[in-house]
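Peer 1: Got a structure here, written out as structure tokens. Questions coming.
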Amino acid sequence: MSYDLPDGRLFIGGEWEIGTGAEITSIYPADGSVNRILKGASRADGERAIARALTAQADPAWRGLKPHERARYLARIADGIEANAARIAFIQTRDTGKTLRETGALVASAAATFRYFAAALETLDDDLTTPRGDYLTMSVHEPLGLVAAITPWNSPIASDAQKVAPALAAGNAVLLKPASWSPLVSLELARIVEEAGLPKGLFSVLPGAGREIGNLLVEHPAIKRVSFTGGTSTGRTLVKQAAEKLMPVSLELGGKSPTIVFKDTDPELAIAGILFGMFSSSGQSCIAGSRLFVERAIYDQFVPRLVAATKALVVGDPMDPATQVAPLVHPDHRAAVAEHVSRAVAEGATVLCGGHAPEGGIYDNGAYYLPTILSGVTNTDRICREEVFGPVLVVMPFDSEDEVIAMGNDNDYGLACGIWTRDFPRAYRIGRAITTGTVWINTYKQFSISTPFGGEKDAGTGREKGREGIRAYQAQKSLYVDLTGRPHPWARLQEA
């Protein structure tokens with residue numbers, strides 16, 4: 001199966017144009033071959049997209065639409081994604097190196113996201129608030145105007161949908177900046193949005209350098225909100241820039257999520273969940289359960305079983321249906337992951353499996369790295385505190401509930417947590433005690449577009465998904481309507 005890749009033109013304010021920014025090279029991580037060389041967006045390209053978006057968003061043909069009328073556009077986009085699912089999955093696999101199994105699931109998720117927010121618009125009501133006098137009071141919600149979405153390279157189609165769909169549902173124009181390592185699938189989304197008939201100018205896709213196009217989207221006075229998913233250091237910089245114009249932002253940043261296994265758990269259930277939660281996506285996931293805490297009473301039996309199961313994972317060609325662990329997104333990223341492991345070993349960690357790139361055959365040209373488990377570490381070691389964003393798991397024992405809660409919370413991140421036990425009251429206690437945005441009990445890495453998602457501490461701020469996800473892209477306004485028809489008594493007007 002093979003499909004033509006997007007031709008490299010950018011979608012600037014509803015027009016397909018060659019970018020005028022720095023050159024971007026998209027590679028296929030499985031063998032290092034070049035997918036496409038394209039010119040990224042420059043500041044001038046971004047300014048042009050913003051100008052067109054302002055005109056399109058202010059047009060009554062869009063701004064005056066009823067919510068159920070906007071919903072029709074979102075539903076058509078969902079239809080277009082589903083109709084092109086195989087093509088989109090292929091493009092994302094070429095762009096990111098993810099397995100076709102995973103990219104197919106991400107495409108289905110993106111379509112479901114647009115469909116969910118289309119449905120939400122049918123019942124997302126404004127409020128008639130409780131009267132406190134002889135007046136009618138209402139709380140209504142209106143579009144912000146122009147919003148920017150900045151998405152990462154690890155799951156672009158799903159991340160794009162989670163930001164673009166609610167922003168359009170709210171009545172805004174959206175400028176999407178995908179990561180330079182994975183621009184192609186977002187450009188394919190633009191083609192589908194165009195074919196769905198969305199009014200020209202409401203949507204742009206602007207891959208380009210963060211220092212140029214990213215800074216423009218954050219600093220431009222016409223942009224009223226930025227939703228960012230990416231690294232914590234970049235998120236901190238973005239917040240400082242946004243503060244200069246008092247612009248709200250939502251941030252989904254890094255993670256170093258704890259996974260906790262108690263002695264009463266079903267080991268087969270836990271091992272399968274840990275493998276999926278850590279090594280699917282080749283570990284390139286902010287929610288990866290990368291810190292594993294195993295109750296000491298079963299540590300010596302559980303860890304060898306986990307290691308054996310990890311060694312049995314199929315590392316290979318992302319186009320092969322049998323592959324479970326595909327290459328990392330780029331050789332430079334693999335080098336960064338390898339450096340994390342080398343430093344941990346130098347500081348005393350023991351490699352239980354993996355710890356290096358595989359060799360021979362298809363592995364020699366691709367950005368592959370073996371699923372890795374490290375022991376002999378403490379929760380204060382750098383490898384236990386810094387996000388690796390690769391297939392690297394650290395494992396540590398614990399003795400008590402209080403101890404594992406303290407260790408789970410002793411980290412700068414607070415994005416997710418996994419708990420494995422048959423004791424539901426215990427799972428509930430720990431789930432409430434861990435400072436995090438999402439807790440999974442006897443499962444991991446399961447998602448629903450109807451359930452809000454976000455992080456605490458350095459993992460970010462704000463929430464995406466859910467019905468309230470639309471409200472994040474709207475301004476709330478209060479209306480008071482007098483019911484008396486009489487002048488206010490304070491004025492003490494005299495009758496003529």
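The values are calculated or read from the model by the stated rules, or taken from the named source; none is laboratory data. Predicted, not measured: the structure shown is a model, and the values here were computed from it. Here the Cβ positions follow ideal geometry from the backbone for every residue, glycine too, while neighbour counts run over all protein chains shown. The area values use the complete protein model at the heavy-atom level, side chains included, leaving out ligands, DNA and RNA. Shrake-Rupley method; radii C 1.70, N 1.55, O 1.52, S 1.80 Å.
Peer 1: Treating the angle as unsigned and between 0 and 90°, give the value, to the nearest 10°, between the Cα long axis of helix 67-83 and the longest Cα principal axis of the chain.
Peer 2: 30
Peer 1: Between R72 and T129, with labels modelled 7 Å along Cα→Cβ, what's the label distance in nm to one decimal, could you check?
Peer 2: According to this spin-label approximation, the distance is 3.4 nm.
Peer 1: If you count only protein heavy atoms with a 1.4 Å probe, what accessible area per residue comes out for segment 344-447, rounded to a whole Å²?
Peer 2: Working: 4400 Å² over 104 residues.
In whole numbers, segment 344-447 has 42 Å² accessible per residue.
Peer 1: Given contacts defined as C-alpha pairs under 8 Å and at least six residues apart, what's the relative contact order of segment 111-240, whole-number percent?
Peer 2: Working: 174 pairs, mean separation 34.8, N = 130.
With pairs under 8 Å counted, the relative contact order is 27 percent.
Peer 1: How far is it, in nm, from the label point at Q301 to the one at T484 when both lie 7 Å from their Cα along the line to the Cβ?
Peer 2: My value for the distance between the label points is 7.8 nm.
Peer 1: Would you mind getting me the FRET efficiency between A222 and R467? Use the beta-carbon distance for r and R0 = 30 Å, nearest 0.05.
Peer 2: Numbers: r = 27 Å, r/R0 = 0.91.
Computed FRET efficiency for A222 and R467 comes out at 0.65.
Peer 1: What percentage of the solvent-accessible surface of the chain, computed with a 1.4 Å probe over protein heavy atoms, is contributed by carbon and sulfur atoms?
Peer 2: Answer for the chain is 52 percent, counting heavy atoms of protein chains only.
Peer 1: Right, something else. How far is helix 184-195 tilted, in degrees, relative to the longest principal axis of the Cα atoms in the chain, given as a value from 0 to 90 rounded to the nearest 10?
Peer 2: Around 30 degrees separate the two axes.
Peer 1: List the residues, sorted by chain then number, that are 5 or more residues from R225 or on another chain and whose placed amide H is less than 5 Å from its amide H.
Peer 2: Under 5 Å from the amide H of R225 lie the amide H atoms of A148, each far enough along the sequence or on another chain.
Peer 1: What does the accessible area per residue of segment 197-270 come to in Å², with a 1.4 Å probe and no ligands, DNA or RNA counted?
Peer 2: Working: 2820 Å² over 74 residues.
With all protein chains present, segment 197-270 gives 38 Å² per residue.
Peer 1: Could you work out the Rg to Rh ratio of the chain, with Rh taken as the Kirkwood radius (inverse of the mean 1/r over all Cα pairs)?
Peer 2: 1.03
Peer 1: Tabulate in residue order the Karplus-calculated ³J(HN,Hα) for segment 290-297, using 6.51 cos²θ - 1.76 cosθ + 1.60 with θ = phi - 60°, rounded to whole Hz; enter x for Gly and Pro.
Peer 2: 8, 10, 9, 10, 10, 4, 4, 4
Peer 1: Taking 0.36 nm per residue of separation and subtracting the Cα-Cα distance, what length does fully extending V314 through R492 add?
Peer 2: On the way: separation 178, 0.36 × 178 = 64.08 nm, distance 8.39 nm.
Between V314 and R492, full extension yields an extra 55.7 nm.
Peer 1: With N denoting the number of residues in segment 339-496, provide Rg(C-alpha) divided by 2.2 N^0.38 Å, to two decimal places. Please list the in-between numbers first.
Peer 2: Values: Rg = 26.2 Å, N = 158, 2.2 N^0.38 = 15.1 Å.
Taking the Cα Rg and dividing by 2.2 N^0.38 Å, one obtains 1.74.
Peer 1: Find the relative contact order for segment 252-370 and round it to a whole percent, using C-alpha pairs within less than 8 Å whose residues are 6+ positions apart.
Peer 2: Working: 130 pairs, mean separation 26.6, N = 119.
Over segment 252-370, the number comes to 22 percent.
Peer 1: For segment 333-422, state which GluC sites (Glu not before Pro) are in a DSSP loop and have at most 11 other beta carbons lying within 10 Å of their beta carbon.
Peer 2: Working: sites: E339, E347, E359, E386, E387, E401, E403; in loops: E347, E359, E386, E387.
Counting only loop positions with at most 11 other Cβ atoms within 10 Å, the GluC sites (Glu not before Pro) in segment 333-422 are E359.
Peer 1: Would you calculate the volume per residue, in Å³, of the smallest convex hull containing every Cα atom of segment 1-158? Mind dumping the intermediate values first?
Peer 2: Numbers: hull volume 24.1 nm³, N = 158.
Spelled out: Cα convex hull of segment 1-158, divided by residues, is 153 Å³.
Peer 1: List the relative contact order of segment 341-496 as a percent without decimals, with contacts defined as Cα pairs under 8 Å and 6+ residues apart. Provide the component values of the computation, followed by the final result.
Peer 2: On the way: 184 pairs, mean separation 21.1, N = 156.
For segment 341-496, the relative contact order is 14 percent.
Peer 1: Over segment 116-157, average the accessible area per residue using a 1.4 Å probe and give it in Å², no decimals.
Peer 2: Values: 1880 Å² over 42 residues.
Roughly 45 Å² per residue, with all protein chains present.
Peer 1: Suppose we keep just the alpha-carbon trace of segment 329-402; what are its Rg and Dmax in angstrom?
Peer 2: Computed over the Cα atoms of segment 329-402, radius of gyration and Dmax are 13.5, 48 Å.
Peer 1: Further question: Counting helices only, and only those DSSP H runs with n ≥ 4, report the 222 nm mean residue ellipticity of the chain as the sum of -39,500 (n - 2.57) divided by its residues, in deg cm²/dmol to the nearest 500. Numbers along the way, then the final one.
Peer 2: Numbers: 14 runs with 178 residues, N = 496.
Roughly -11500 deg cm²/dmol at 222 nm, from the helical runs in the chain.
Peer 1: So what is log10(I(q)/I(0)) for segment 293-367 at q = 0.18, 0.23, 0.27 1/Å, when the Debye sum runs over its Cα atoms only?
Peer 2: -0.91, -1.17, -1.27
Peer 1: For the residue pair L269 and A335, what label-to-label distance in nm results when each label sits 7 Å from Cα along the Cα-to-beta-carbon direction?
Peer 2: Distance between the two pseudo-spin positions: 4.5 nm.
Peer 1: Around E82, what is the net charge, scoring Lys/Arg as +1 and Asp/Glu as -1 over all other residues with Cβ under 15 Å from its Cβ? Don't skip to the end; give the middle numbers.
Peer 2: Details: positive: R76, R87, R115, R191; negative: D79, E188, E195.
Cβ neighbours under 15 Å give a net charge of +1.
Peer 1: Quick one: of the DSSP bridges fully inside segment 284-402, what percent are antiparallel, nearest 5?
Peer 2: Among the beta bridges of segment 284-402, antiparallel pairing accounts for roughly 25 percent.
Peer 1: Count charges around A170 for me, please; just the other residues with Cβ under 9 Å from its Cβ, Lys/Arg as +1, Asp/Glu as -1. Don't skip to the answer; put the middle values down first.
Peer 2: Numbers: positive: R70, R471; negative: E142.
That works out to +1.
Peer 1: Tilt of helix 85-96 relative to the longest C-alpha principal axis of the chain, in degrees (0 to 90, nearest 10)?
Peer 2: 60
Peer 1: I've got another one for you. Using a Förster distance of 60 angstrom, determine the FRET efficiency expected from the C-beta separation of M1 and D423, and round it to 0.05. Write out the running numbers ahead of the final one.
Peer 2: Numbers: r = 46 Å, r/R0 = 0.77.
Efficiency for this residue pair is about 0.80.
Peer 1: Could you tell me how far the Cα centroid of segment 422-457 sits from the Cα centroid of segment 96-117, in Å?
Peer 2: 22
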